[in-house]
Each structure stands twice: as structure tokens, then as C-alpha cells.
Amino acid sequence: MLELRNITYEVDDNNENKEILKNVSVTIDDHFVAITGPNGGGKSTLAKMIAGIIRPTSGQILLDNHDVRDYNRRDLRKAFGMVLQDTWLYKGTIMENIRYGRLDATDEEVIEAAKAAHADSFIRTLPGGYNMELNEDASNVSQGQKQLLTIARAILADSKVMILDEATSSVDTRTEALIQKAMDNLMEGRTSFVIAHRLSTIKNADVILVMKDG
């Protein structure tokens, strides 16, 4: 169970405090939560706050009735996983990039995660397969392939709570369908927050959070 109690988040805007989130309170005990609303409504801020990337100015975030501030950073990172629109991969092999989700994973576990993310088939067509080296900005794989690799990493991490910012806007229809299937596998059996840009995502949600003006 995840609970937000009177969450407020302020930023300094030209020496004035600007409220991005205003006294947000919600209790989530469902598997699939869609966060939707207009641009600038606070969706991404809320997602980053749930993941512990940024801290609220005031209020509490509780995971299983424990304040997230009481968790050490390692346990918090294990509890929350994120798949963002801006994929993050580093210079190294594909195997190493996926294994970053859980460093003690075996090669077989990495490959199983890739299969669940619908990434295994394209990986095996690349020169060197899982041992192919990604360059500095991972530009030697496509945007859709990057997204599938980050989903494979998240599946391997097996976090209790997943936060996904849909990343299908810049890929072709076939890749979009693959990413959606991979996201479905990733969300299965855990609490998932999806920043929803399409009605097709929202219709399957257990709960819809509509964010507007914080």
C-alpha cells in the first residue's frame, strides 16, 4: 500500500515560491494506477516524488505504513522502479545494461527478463547479441529498442512499485505494440503508476488520478 499525506512541493521561481503540488492526499492499494491531466498539471512531479527522486516540501509518503524517509537509499531504490520517456543506458554491453537492474542476476535471468520485455529476438539479431557494446549515447540501437532494454532492466529488478512514463510517441506502430506488451508484463502483479498520454492506457486502469494545477 502506498499513501500520500498532504503532499506539497514548492520550487523557487524568480525568488518566489511556486507550488507545483498542493496538499495532495491519496491512498493506493490497487495494481494499476493511471496519472493523467493537462501538461504542467504535476503528473511527472508526482511520479518522481513517489519514486523518491525529489522530496516533498511538506507532507509524508508512506510505503506499507512506513515513511519512505526511514528507508535507506538502497532499499528505496529496490522498492521503486522507473521506466521514463528519456531512456538511460550507458557504454557497455547489452547484458551489462540489463543486469544493472539487479547486479547479482545470472546470464540466464537477464535473458529471461529480455524475453519478458520482448527484447530477446531483436538482441539476437545484433552483432554480438547480448555482448554487443552500446556506444556512449546508445545511438547504435533504435529508440524503441532502447525502451525495451530499459523495460527488461526493470523486469529484472522486480521492484514492488513501478512508475512508467509512456514512451511510445516516437516509435513506429509495430514497436509501440511490442512496448505495450512489455509494459503489461512489467506491471503484472505489482502496484504500477503510469503517466497516461493515451486513452487506450487509461481504460485498463484500476484507479485514475487526474492532476490539474497541482
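Brief remarks on what is shown
- Folded to 0 to 90 degrees: helix 107-116 orientation relative to the chain principal axis, Cα: 70 degrees
- Note that the chain presents 53 Å² accessible area per residue, ligands and nucleic acids not counted, probe 1.4 Å.
- Along each principal axis, taking the top coordinate minus the bottom one, the Cα set of the chain gives 52, 37, 36 Å in descending order.
- The share of accessible area on region 1-95 that comes from carbon and sulfur is 41 percent, using a 1.4 angstrom probe.
- Annotation: region 64-132 has a Kirkwood hydrodynamic radius of 13.9 angstrom, from the mean reciprocal C-alpha pair distance.
- Two-site FRET efficiency, K115 against Q143, from Cβ-Cβ distance with R₀ of 22 Å, rounded to 0.05: 0.60
- Gyration tensor verdict on region 1-69 (Cα atoms; rounded if a/c is under 1.5, prolate if a/b is larger than b/c, oblate otherwise): oblate
- Subtracting the Cα-Cα distance of V26 and I54 from their residue separation scaled by 0.36 nm leaves 8.3 nm.
- Accessible-area ranking of Y71, Y100, Y130, Y9, largest first, probe 1.4 Å: Y100, Y71, Y9, Y130
The values are calculated or read from the model by the stated rules, or taken from the named source; none is laboratory data. All figures in this text were calculated on a predicted structure; none of them were measured in a lab. Using ideal geometry, Cβ is built from the backbone for each residue, glycine included, and neighbour counts are taken over all protein chains shown. We work out accessible area using only protein heavy atoms, side chains counted, and drop any ligands, DNA or RNA first. Shrake-Rupley method; radii C 1.70, N 1.55, O 1.52, S 1.80 Å.
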